[in-house]
Amino acid sequence: MQELNKHVNDVNSLLARYGVRFGIYKNNTFKEQLFPFDTIARVIKNEEFAYLDKGLSQRVTALNLFLADIYGEKNILKDKVIPEDFVYSSSGYTPECEGIQPPKSVYSHISGIDLVQGKDQNWYVLEDNLRIPSGASYPMIARSLCRKASPSTFKSNHIYDNRNYAEMLKTTMDYVNTGGINVILTPGRFNAAYFEHSYLAEQTNSILATGNDLVVEGDYLYYVEYGGTKEKVGAVYRRISDEYLDPMTFCEESLIGVPHIFDVYRKGNVALINAPGNGVADDKGIYYFVPKIIKYYLGEEAILHNAPTYLPFYEDDMKYVMENLSKLVIKDVAEAGGYGVVFGDSLTQEELEDFRQAIIAEPRRFIAQEVVDFLDLDVLDENGAVVQRKADLRAFVLSSDKARVWKSGLTRFSRNPDSAIVNSSQGGGFKDTWVLSL
Amino acid sequence: MGIISLEKADNLYWLGRYSERVYTTSHRYFTSFDIMLDQNEEYYMRYCEALNIPDIYVDSKDFVQRYAFDTENTDSIISNLYRAYDNALVVRDYISSESLAYIQMAIYEMKKAKANIDAPLIAMQRSVDNILACWGCIDDVVYDVVIRNIIKYGRRQERLDLLLRLRGSRTDLKRIFSELEFYLYRSNLKFNRCAFLELALILEQDIIDYPKALDCLEKIVVL
Amino acid sequence: MKKLSFRYETEYQFSLPVSKHFYTLKIVPETTKRQVIKVDCLEIAKSSSQTRSRDVYGNEMIMGSILEPHDKFSFLIEGTAQVNQAVFEENEGFLSAYRYPTELTKPTKELEQWFQQLLERTSFRQWEPGEQADYLYHQVYDYMEYVPGVTTVETTAGQVFQKGQGVCQDYTHLLLCLLRMAGLPGRYIVGMMLGEGYSHAWAEVNINGVWVGIDPTNDKYVDDNYIKISQGRDYKDCIVCKGHFMGQVVQKQEIVVKVEEIT
């Protein structure tokens, strides 16, 4: 690892060469910035990863079954394991998806599960991302560049190669493809994750398309060539949120979607990756119930733990939250990407009181969590000194005939010593994640 | 592969045109820079007139700086390079990350050249080298010949355009025109046959009607 | 029991030609226990492609596209309906969606307060669901004043309550909001009424497993003079003609709806 650290500048200049960027909007203008990379990898031992692997597969398998149930039979609601209020009043619940069975019954093809390791060495799941989790491309390209900058590091350590992500993704797309080409649908180059969209298209040998390149004719979706001929599309890895996917079904004003694509999907003539409507399962409110979901569908205890979570919806929890607000993290269930997360201890008395009122007014809108004492990771600062920073791990689970965990992941860290928010949109950096093969 | 939408075909075509524009105008810039050094300080005025770009420059120093490096100046070399990048970025899956990286590096070199304004040509030369490397890389890694041909067609069109503006000789014009014809038929682009034939005729006439030739050239491809 | 003939005709004029025009029409009334429909004529502007589908609420959809430039779009449906108000549709499919608020029918603080007041004035809680619904729709009718042009298709129940004015769509959203607060599943209906004019909107409430039609705008239960076209959670699920096209244009719409009794 030290050997690699000597080459931190080489790696970063290679990252610049390949334009590894993400975009952000500041004051309404779009800017692209390099995603700061730290060469000190997060290392996960073989047996420890075996545990994560089991836990993550179990979690994603159960969540897929949950989605099939919610948009189908609804047994989990009939059996009152989850109050139906939590499903039907969730902003992620999409009635348009009722009764639709996606190809091969896969809902969450690509799941990004955010974990942290506590000081007690335990891993905690912070969040499930079952809609369009991004980030896999970064450790993937960083790995190939690190191998160039410091080959000896990879000769002397036994690290699983993570560059197979493209192959895993392609397998996932092919598995559900209904006959036709694979397409990655991007909102366009002014999207925060455009680098990833175009890089994954190149690496999986898929076509990178915008809404304008696709057209629905009759019951099928086509990619239109410049000569006018049409190529049938069998799977769309869409990097556009449900809301903007089809102006004829969802947000009418959407200019980036494909009119009538949802109908082709409804008829089973194209696979949408991930399936629309998944938001109901990665809702911060449903998160609380995931251990119960696992027990219900698989008859097993959850292998991975949630961070201790309270739902103000329940009276006891409300009481606890009211009394302990100043030491909890409050999350707005409707927000994503590090927004709507507030640490109680950062609030003034007055702000705390305002928050209490907000929670009482809309208990369903918030969850409260104990602050997990993160295990800090070593990070090289601007001057090359090793400092400790908060970090999380986004693990990627790809589902086709079964759930498979990618032997790597995106480790994001906070560059601000006082912050536990690691999201790239909030200025964080990233590390490679090494899973040891021995 | 080999499935290209109208929008992507347009991007490939413009990638060809803008990268060619950067390449050719950089070389012209090198020549002008040399002439303005000790022969004719006002040479840039003729240059602007020939290329039909607005002469917004105060003096030769201003031209050296702003024609090459001013991102606010839409006619500058750097602006055209950014346009090449914008078009390349959205066709990464066709031309490969490797090829795209060379355009990216051309931009970095231009930034370095700007910082060394007394002798910008050294870093600018490296920028031009990267454009050549990008073309070479595309030739090497892009399996689909149609993709390559669309880019090459765009390059020939831009080259012919610049040569017509600079009142190039019939021999040079005809040579590039025949290359243009070669790639036009192999790019499967829809084109205006009348404009194409008219341009061919103009190039045969005793006195070449340059403005009319430019007009025809612009009308050939319908995207 | 009545036999009605109906005709629904719409024409859009665009100020400039539009292209890549996609449309979804929910214009075909469905045969149910309550109404037996016979379609005699269905005409839609010449299209590049067309197909049919059914949405999650059970509405038939005609979906198609016109890719070439055009400055007009029209459709027409004609037929007969044998309506029997004495029988009710039973609940088919899922009810849950009809029990929860939507963007357009979400209660505001003021609406919640009003609802509380309505409850306190009566022994609402002890009533049968049918009595509750009956009470609520009269309240909506009494509260509202029928004024066209003061609301739009985007106006929410909360805004309607603030204004106290509106048209059939607004009456219906307000009623749905109250019904759902009371725990009664309610759905939005688009349809036609005896006479000549525009389409109409009303509500259906699920009482003991059957759907009962209520027209809050006319302060009455739905009778043999009503033909249902589509149903959903609110207006947005029942849009008669949804379109998406390329072109910045002004569009003019003309609708002619005519329902007559056949004797």
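The numbers here are math on the coordinates, done by the rules we state, and not lab data. None of these values were measured; they are calculated from a predicted model. Every residue, glycine as well, gets a Cβ built from its backbone with ideal geometry; the counts of neighbours run over all protein chains shown.
Residue-normalised convex hull volume from the C-alpha trace of chain C: 125 Å³ per residue. Mean separation of Cα pairs under 8 Å and 6 or more residues apart, divided by the residue count, gives chain B a relative contact order of 23 percent.
Please give the FRET efficiency for C:Ile255 paired with A:Asp79, using the beta carbon to beta carbon distance and R0 = 41 Å, rounded to the nearest 0.05. Working from the Cβ atoms, E equals 0.30.
State whether the stretch A:362-438 is rounded, prolate or oblate according to the following rule on the C-alpha gyration tensor (a ≥ b ≥ c being the square roots of its eigenvalues): a/c under 1.5 gives rounded; otherwise a/b larger than b/c gives prolate, and the remaining case gives oblate. It is oblate, given that a/c is not under 1.5 and a/b is not larger than b/c. Quick check on the stretch A:308-370: take the gyration tensor over C-alpha atoms, sort the square-rooted eigenvalues as a ≥ b ≥ c, and tell me if it's rounded (a/c under 1.5), prolate or oblate. Verdict is rounded for the stretch A:308-370. Placing unit charges on each Cβ (+1 for Lys and Arg, -1 for Asp and Glu) gives the protein assembly as shown a dipole about its Cα centre, and among A:Thr210, C:Tyr137, A:Gly180 the Cα reaching farthest toward its positive end belongs to A:Gly180. Averaged over peptide A:257-264, the number of partner chain Cβ atoms lying within 10 Å of each residue's Cβ comes to 5. When each of C:Ser15, A:Ser150, C:Ser53, A:Ser399 is scored by the number of other beta-carbon atoms lying within 10 Å, the sequence from fewest to most is C:Ser15, C:Ser53, A:Ser150, A:Ser399. Our helix-only sum for the protein assembly as shown, with -39,500 (n - 2.57) per DSSP H run of n ≥ 4 divided by its residues, gives a mean residue ellipticity at 222 nm of -12000 deg cm²/dmol. Of the cross-linked pairs B:Lys152/B:Lys190; C:Lys3/C:Lys72; A:Lys284/A:Lys319; A:Lys26/A:Lys327, those separated by over 26 Å at the C-alpha level are C:Lys3/C:Lys72; A:Lys26/A:Lys327.
Phi-derived couplings, Karplus 6.51 cos²θ - 1.76 cosθ + 1.60 at θ = phi - 60°, listed residue by residue for the stretch A:236-248: 10, 8, 9, 9, 10, 5, 3, 3, 9, 5, 9, x, 7 Hz, with x used for Gly and Pro.
Net charge in the neighbourhood of A:Gly118 (other residues with Cβ under 12 Å of its Cβ; Lys, Arg +1, Asp, Glu -1) is -3. The distance linking the stretch A:278-311 with the stretch A:346-363 is 26 Å (Cα centroid to Cα centroid, whole angstrom). Over the protein assembly as shown, the Kirkwood radius and the radius of gyration, each from Cα atoms, give a ratio Rg/Rh of 1.02. How charged is the neighbourhood of A:Val371? Take every other residue with its Cβ under 10 Å from the Cβ of A:Val371, and add Lys/Arg as +1 and Asp/Glu as -1. Overall, the nearby charge balance is -2. Go ahead and set up a Gaussian network model of chain A, Cα springs under 10 Å, then flag whichever of A:Asp401, A:Asp114, A:Asp38 fluctuates most. Of A:Asp401, A:Asp114, A:Asp38, the most mobile in the Gaussian network model is A:Asp401. Counting only Cβ charges, +1 for Lys and Arg and -1 for Asp and Glu, the dipole size of the protein assembly as shown around its Cα centre is about 2260 debye. Which residue, chosen from C:Ile62, A:Val224, C:Ser48, occupies the Cα position most advanced towards the positive end of the dipole of the protein assembly as shown, where the dipole is computed from +1 (Lys, Arg) and -1 (Asp, Glu) charges on Cβ about the Cα centre? The one lying farthest along the dipole's positive direction is A:Val224. When the charge dipole of the stretch A:331-377 is built from unit charges on Cβ atoms (+1 for Lys and Arg, -1 for Asp and Glu) and taken about the Cα centre, the candidate among A:Ala358, A:Ser346, A:Leu377 whose Cα reaches farthest toward its positive end is A:Ala358. Beta bridges per DSSP, both residues in chain A: antiparallel share near 75 percent.
Relative contact order of chain C, taken over Cα pairs closer than 8 Å and 6 or more residues apart, is 31 percent.
Using only alpha carbons, the stretch B:1-143 has a radius of gyration to Kirkwood radius ratio (Rg to Rh) of 1.02.
Once each of the GluC sites (Glu not before Pro) sitting in a DSSP loop with at most 10 other beta-carbon atoms within 10 Å is removed, chain C keeps C:155-263 as its longest stretch. For the stretch C:90-239, what class follows from the C-alpha gyration tensor (a ≥ b ≥ c being the square roots of its eigenvalues): rounded when a/c is under 1.5, otherwise prolate if a/b is larger than b/c, else oblate? Rounded shape, in that the Cα axes give a/c under 1.5. Straight-distance candidates among the lysines for linking to A:Lys390, with alpha-carbon spacing under 17 Å and chain neighbours fewer than 8 residues away dropped: A:Lys119, A:Lys431. Candidate cross-link partners of A:Lys402 among the lysines, defined by an alpha-carbon separation under 16 Å and a same-chain spacing of 8 or more, comprise A:Lys54, A:Lys104, A:Lys170. Shown in residue order for the stretch B:41-50 are the 3J(HN,Hα) couplings computed by the Karplus curve 6.51 cos²θ - 1.76 cosθ + 1.60 at θ = phi - 60°: 5, 9, 4, 4, 4, 5, 4, 4, 5, 4 Hz (x for Gly and Pro). DSSP assigns beta bridges within the stretch A:198-284; of those with both partners inside it, close to 70 percent run antiparallel.
Among beta bridges from DSSP that stay inside the protein assembly as shown, the antiparallel ones total about 85%.
Electrostatic tally near B:Ser76: other residues with Cβ closer than 14 Å to its Cβ, Lys and Arg +1, Asp and Glu -1, net +1.
Considering all different alpha carbon pairs of the stretch B:144-223, the Kirkwood hydrodynamic radius works out to 12.5 Å.
The angle separating the long axis of helix C:168-181 from the principal Cα axis of greatest extent in chain C is about 40 degrees. Charge dipole of the stretch A:365-438 (Cα centre as origin; +1 on each Lys and Arg Cβ, -1 on each Asp and Glu Cβ, all else neutral): 420 debye, rounded to the nearest 20.
For B:Lys61, the lysines whose Cα comes closer than 17 Å to its Cα, not counting residues fewer than 8 places off in the same chain, are B:Lys114. With contacts taken as Cα pairs under 8 Å at a separation of at least 6 residues, chain A carries a relative contact order of 24 percent. Each Lys and Arg contributes +1 and each Asp and Glu -1, all at the Cβ; summed about the Cα centre of chain C, the dipole is approximately 580 debye.
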